[in-house]
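Q: Mind looking over this structure? Questions follow.
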Amino acid sequence: MRRFLWLGLMLVFVVPALCQEVQTSSYVAIGPCWVTDVIDGDSIGVRLPDGRPLDLRYMGASSPELEDEAHLGPQAKAENDELVSGRYVWLEVEPVEEGYRRDRNDRVLAYVFLDEERSQLVQAQLVEDGLALLDLRELIDRDLYPEAFPIRYAEELISFQIKAAREYHGLWGLPDFSPESDLAIVAVRFWGEEEAVYLLNRGAEPIELADGWILMDAYAREKKEQGESSRNMLDFYRFFGPSCYLSPGGVLMILTGPGIPENRRKTLEGCETDRVTLRWFGYKLWDNEGDKVFLFDSRGELRFCYVYPWQVKETDE
């Protein structure tokens, strides 16, 4: 039986079987829409209830390109086909002055659901199976609010991405995603007043976080290569010493940003559990337009590189 994201949305309206459109403050709900074409792992064609055709790109998640066999492009398309082909779907799209929010290829960006209640999110299934990754673009912090359309299901997608990485599903079992490294960077929340980097212990034994790990962004690595230091470089021993273990399957969350109260900055909690949290500092670190997160071990060897927005990774970064 397939597993889907049951969001448990409490709707204030009823969507009839031939609903056409329902407008809310941040999105328009449309359905039922018949799927006419599955293009690849994250884009489809549909026929709207009024008969008009529409090309869609999945909002919030990105699959490898169809021709990218090394990164499971054909498998992503096949799963998407299995999920939505030959059936009705329901959409959430964002209204803008010229119609609906579109991507650079003029496809409408949509959250796509398999049920009228909009509880079975297609993007969530693809992310859970490791055939898509969280992918949010053109985010402007001052325009965001808790239910802003671009980040509407971001936290749920992050939780499914962590699960996929924990179980080595899809992309997370490939060499580019460092399956030999037990400590892995698995997601970045790079928007809002409180950013977060999520690291996961994928191994069977606890990991000593005070054991010389170094985390940095692309700017800090450039400075490091020039022999300079940067405040964007996190020396784990400084904050996790003398000892702090992350349990097998556990998640380390490193927080930054002005949303962290001053009296909680540079604080650590959860050692020896499966949920360790470090509140690092109070300025924004991760670039909204894209960045790289590097993890080095105590010998100075690169163990993991997480890139967003997602793209084919270079193993020699």
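The values are calculated or read from the model by the stated rules, or taken from the named source; none is laboratory data. Since this is a predicted model, take the numbers as computed values, not measurements. Methodologically, a virtual Cβ is constructed for each residue, glycine included, from the backbone with ideal geometry; neighbour enumeration extends over all protein chains shown.
Q: Of the numbered conditions (1) without any contact (Cβ under 8 Å) to a residue 60 or more places away in the chain; (2) part of a loop (DSSP other than H, G, I, E, B), Ile260 fails exactly one; give the number of that condition.
A: The number of the failed condition is (1).
Q: Residue check: is Tyr219 among the aromatic types (Phe, Trp, Tyr) and within 21 Å of Leu268 (Cα to Cα)? First the steps, then the outcome.
A: Details: among the aromatic types (Phe, Trp, Tyr): yes; within 21 Å of Leu268 (Cα to Cα): no.
Considered against the rule, which asks whether it is among the aromatic types (Phe, Trp, Tyr) and within 21 Å of Leu268 (Cα to Cα), Tyr219 comes out as no.
Q: Considering every residue within the range 132-139, establish whether at least one is surrounded by 17 or more Cβ atoms within 10 Å (Cβ to Cβ), in contact with a Lys or Arg (Cβ under 7 Å, 6 or more places away or on another chain) and not in a strand (DSSP E or B). Before you say what the answer is, go through the steps one by one.
A: Filtering the range 132-139 down to residues surrounded by 17 or more Cβ atoms within 10 Å (Cβ to Cβ) leaves 132-136.
Those still in the list that are in contact with a Lys or Arg (Cβ under 7 Å, 6 or more places away or on another chain) too: none.
No, the range 132-139 has no match at all.
Q: Here's another thing I want to ask about it. Looking at (1) within 30 Å of Ala148 (Cα to Cα); (2) touching a Leu at 6+ places or on another chain (Cβ under 6 Å), which is the only condition Leu246 fails?
A: Here Leu246 clears every test but (1).
Q: What pairs come out if I take residues in the range 220-239 that are surrounded by 13 or more Cβ atoms within 10 Å (Cβ to Cβ) and pair them with residues that are of a type outside the set (D, E, K, R) and in a helix (DSSP H, G or I) whose C-beta lies under 7 Å away, six or more apart or interchain?
A: From the range 220-239, the pairs are Ser230/Tyr219; Ser230/Ala220; Asn232/Tyr219; Asn232/Ala220; Met233/Ala220.
Here is a yes/no grid of residues against (1) touching an Asp or Glu at 6+ places or on another chain (Cβ under 8 Å); (2) part of a loop (DSSP other than H, G, I, E, B); (3) more than 22 Å from Lys292 (Cβ to Cβ):
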| residue | (1), (2), (3) |
| --- | --- |
| Ala78 | no, no, yes |
| Glu82 | no, no, yes |
| Gly86 | no, yes, yes |
| Ala110 | yes, no, yes |
| Arg118 | yes, yes, yes |
| Ala124 | yes, no, yes |
| Glu147 | no, yes, yes |
| Ile162 | no, no, no |
| Ala165 | no, no, no |
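Q: While we're here: For the range 221-237, state whether one or more residues are under 27 Å from Ala204 (Cα atoms), of a type outside the set (Val, Ile, Thr) and in contact with a helix residue (DSSP H, G or I) (Cβ under 6 Å, 6 or more places away or on another chain).
A: No, the range 221-237 contains no residue that is under 27 Å from Ala204 (Cα atoms), of a type outside the set (Val, Ile, Thr) and in contact with a helix residue (DSSP H, G or I) (Cβ under 6 Å, 6 or more places away or on another chain).
Q: When you look at Arg57, is it at pLDDT 95 or above, out of contact with any helix residue (DSSP H, G or I) (no Cβ under 8 Å at 6 or more places or on another chain), farther than 27 Å from Phe190 by Cβ and among the charged types (D, E, K, R), yes or no?
A: Here the answer is no, as Arg57 does not meet what is asked.
Q: If I filter the range 169-192 for residues that are touching a strand residue (DSSP E or B) at 6+ places or on another chain (Cβ under 7 Å), part of a loop (DSSP other than H, G, I, E, B) and surrounded by fewer than 20 Cβ atoms within 10 Å (Cβ to Cβ), do I get at least one hit?
A: yes
Q: Next question, about the same structure. Do we have any residue at all in the range 273-282 that's farther than 30 Å from Pro64 by Cα, surrounded by fewer than 20 Cβ atoms within 10 Å (Cβ to Cβ) and free of Cβ contacts under 8 Å to residues at least 12 places away in the same chain?
A: No, the range 273-282 has no match at all.
Q: Have a look at Phe149, Phe190 and point out the one that is among the aromatic types (Phe, Trp, Tyr) and in the same structural domain as Asp291 (by TED's automatic domain parsing).
A: Among Phe149, Phe190, only Phe190 is among the aromatic types (Phe, Trp, Tyr) and in the same structural domain as Asp291 (by TED's automatic domain parsing).
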